[in-house]
Amino acid sequence: MTKALEGVRVLDMTHVQSGPSATQLLAWLGADVVKLEAPTGDITRKQLRDIPDVDSLYFTMLNSNKRSITLNTKSERGKEILTELIRRSDVMVENFGPGAVDRMGFTWDRIQEINPRIIYASIKGFGDGPYTNFKAYEVVAQAMGGSMATTGFEDGPPTATGAQIGDSGTGIHTAAGILAALFQRESTGRGQRVNVAMQHAVLNLCRVKLRDQQRLTHGPLAEYPNEDFGDEVPRSGNASGGGQPGWAVKCAPGGPNDYVYVIVQPVGWKPMAELIGRPEMADDPEWSTPEARLPKLGKMFQLIEEWSSTLPKWEVLDQLNAHNIPCGPILSTKEIIEDSSLVANDMVVEVEHPRRGSYTTVGNPLKLSDSPTTISGSPLLGEHNSDIYADELGLDAAELAQLAEQGVI
C-alpha cells in the first residue's frame, strides 16, 4: 500500500524538537525525510542520555522513520553538495537562528534559483519585530504566547504546561503549512516559503484566553471560579474555561494522580446529585439550574469531591460514565505507557534500535485509512551517507573517503 506522501523528498536541516517534530510527522505520512546533520550530529543525540554512548531517547523519539547524512555546510565542497541536495528535494526545513541559512549563502532567492519547486519552511522563535533575535525555548514560547499567564492557580505563579506546545506544537503547525504549500504547488507549479514562529503557534493554541480577554471588558467571567477580576484573564486552576464547568476532584487513596476530571452539564446535575448522596439538590432552586450553580462552583465541586475522595478513581470513572457524565481519569506517565488501549491504537509503540535495543515511543496520532503508519527506529549518525552520496549523487568511494577524512561528511 502506498503512503500519503510517498515520492516527497524532505531535506531536514532541523535540530532539537520543533523542527524534528514537524519532519517526523511528514516521515510518518510516508515522505522520504533525509536528516542532514553536522558531522558531530544533532545535539540531542547526547542530551539526557540514559545509556552511555547511545543516542538519547530525546533524539530517538523525535527522529523515527528518517535517514541520516552528515555534512559540513560551511565547507566549499559541503555547499556544493548541499546545492545538489536542494535541487533533488521537494521540501527543505530548518530551525536555525535568524539569518543562519542566509549567511551560508542560501538565501530564499538562491534556493529558488536552484529549485523553483521547493517548499522552504523555517521555524523561528518569533516573527519580525522587537523579539526577532530573542533566543527561543519551549517555555519561553509558552511565556510569550499567552500560556503561562493563564496556567496555574490564582494565588500561585505562572506555570508551564507539560505539553510541549512551544516546540512540538509549532512542529505540527509547520507540517500543516508544508502540506498546504505542497497542495498549492500542484496547481501553480511553484514552491514557496513557509514561516512559523513558536510564539505565534502558542498564541494560536491559547485563542480561548484571547476570547475571554475581550469578554472581560463586559464584566466578570462567570464560569471561572475566581472571585475577583482585574483587567486581565486570571489563572483559574483546573477550570474548564468553557461553557460547561469542570474540575479535577480527588479520589482514594489520595496519591498525586488520584484524580478524575469531571464536567457538570445541565443534564448531568440530577444524576450527579444522586451519586453524591444529595438527591434533594436536583430540584432545589438554589442548585437546580446552571445559573444558580454558577456562583457556587467551588462549593459544588467540594461536595462532589467529598464523594469521590472515598473511592478509587477507576470506580469514580465507572459510576460517572454509567450516568453519561463527562469525565476522565488523570493518567500518570506510567499509566499512559502501560495503557493497553493506547498500545492497541498504536499510540504507545515498541521499536528496535541497533544500539539501544527495544524502546517505547509515541505513535502517529493521524490515522489514514489508505496510508497506515509503521514506526521505525531513528537512524544512526550518518547511517545513510553511502546510500545518498554514492548511490544517489554518484560520488565514488575515493571521494567519499576523502570527504570523511577532511571532515566534510
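Structural remarks
- Verdict on Thr40 being on the phi < 0 side of the Ramachandran plot and open to solvent by 10 Å² or more (accessible area, probe 1.4 Å): yes
- Matching residues, segment 73-102, being part of a loop (DSSP other than H, G, I, E, B), over 28 Å from Glu6 (Cα atoms) and under 30 Å from the mean Cα position of the chain (by Cα): Gly97, Pro98, Gly99
- Leading residue by the ranking (surrounded by the fewest Cβ atoms within 10 Å (Cβ to Cβ)) among those in segment 5-20 that are among the β-branched types (Val, Ile, Thr) and at negative phi: Val8
- Residues of segment 109-126 satisfying the condition of being outside any loop (DSSP other than H, G, I, E, B) and either touching a residue at least 40 places away in the same chain (Cβ under 8 Å) or hydrophobic (A, V, I, L, M, F, W, C) (or both): Ile111, Gln112, Ile114, Ile119, Tyr120, Ala121, Ser122, Ile123, Lys124
- Checklist (1) more than 24 Å from Leu26 (Cβ to Cβ); (2) free of Cβ contacts under 8 Å to residues at least 12 places away in the same chain applied to Glu186, failing item: (1)
- Segment 368-409, subset outside any loop (DSSP other than H, G, I, E, B) and among the charged types (D, E, K, R), residue nearest to Gly357 (Cα to Cα): Asp387
- Verdict on Gly105 being of a type in the set (Gly, Ala, Ser), under 20 Å from the mean Cα position of the chain (by Cα) and either part of a strand (DSSP E or B) or closer than 27 Å to Leu182 by Cβ (or both): no
- Within segment 287-329, being among the hydroxyl-bearing types (Ser, Thr, Tyr), free of Cβ contacts under 8 Å to residues at least 24 places away in the same chain and open to solvent by less than 50 Å² (accessible area, probe 1.4 Å) holds for one residue alone: Ser288.
- Inside segment 358-369, residues that are surrounded by 13 or more Cβ atoms within 10 Å (Cβ to Cβ) and over 21 Å from Thr60 (Cβ atoms) make up a count of 1.
- Taking the criterion of being under 13 Å from Ile330 (Cα atoms) and either in contact with a Leu (Cβ under 8 Å, 6 or more places away or on another chain) or free of Cβ contacts under 8 Å to residues at least 12 places away in the same chain (or both), the residues of segment 257-285 that qualify are Asn257, Val260, Val262.
- Residue within segment 30-44 that is in a loop (DSSP other than H, G, I, E, B), of a type in the set (Lys, Arg) and in contact with a Ser or Thr (Cβ under 9 Å, 6 or more places away or on another chain) present: no
- Applying the condition of being under 30 Å from Pro52 (Cα atoms) and either in a loop (DSSP other than H, G, I, E, B) or at pLDDT below 95 (or both) to segment 330-356 and asking which residue is most open to solvent (accessible area, probe 1.4 Å) yields Arg355.
- Looking across segment 45-58, just one residue is in contact (Cβ under 8 Å) with a residue 40 or more places away in the chain, assigned to a loop (DSSP other than H, G, I, E, B) and in contact with a helix residue (DSSP H, G or I) (Cβ under 8 Å, 6 or more places away or on another chain), and that is Asp55.
- Counted residues, segment 1-28 - those being part of a loop (DSSP other than H, G, I, E, B) and either of a type in the set (D, E, K, R) or farther than 11 Å from Leu62 by Cβ (or both): 8
- Residue in segment 127-143 that is touching a residue at least 12 places away in the same chain (Cβ under 8 Å), crowded, with 21+ Cβ neighbours inside 10 Å and assigned to a strand (DSSP E or B) present: no
- Pair list, Cβ < 8 Å and 6+ apart or interchain, from segment 370-398 residues that are closer than 23 Å to Glu350 by Cβ and open to solvent by 60 Å² or more (accessible area, probe 1.4 Å) to residues that are at pLDDT below 95 and in a loop (DSSP other than H, G, I, E, B): Pro372/Met1
- All positions within segment 78-108 that are among the small types (Gly, Ala, Ser), open to solvent by less than 30 Å² (accessible area, probe 1.4 Å) and in contact (Cβ under 8 Å) with a residue 24 or more places away in the chain: Gly78, Ser89
- Number of residues in segment 189-243 that are crowded, with 17+ Cβ neighbours inside 10 Å, part of a loop (DSSP other than H, G, I, E, B) and among the charged types (D, E, K, R) equals 2.
- Scanning segment 144-174 for residues being among the hydrophobic types (A, V, I, L, M, F, W, C), open to solvent by 40 Å² or more (accessible area, probe 1.4 Å) and not in a loop (DSSP other than H, G, I, E, B) gives a total of 3.
The values are calculated or read from the model by the stated rules, or taken from the named source; none is laboratory data. Just so we're clear, the structure is a prediction, and the values are computed from it rather than from any experiment. So basically every Cβ, Gly included, is an ideal-geometry build from the backbone, and we count neighbours across all protein chains shown. When the accessible area is computed, the model is the full protein with side chains, heavy atoms only, and any ligands, DNA or RNA have been set aside. Shrake-Rupley method; radii C 1.70, N 1.55, O 1.52, S 1.80 Å.
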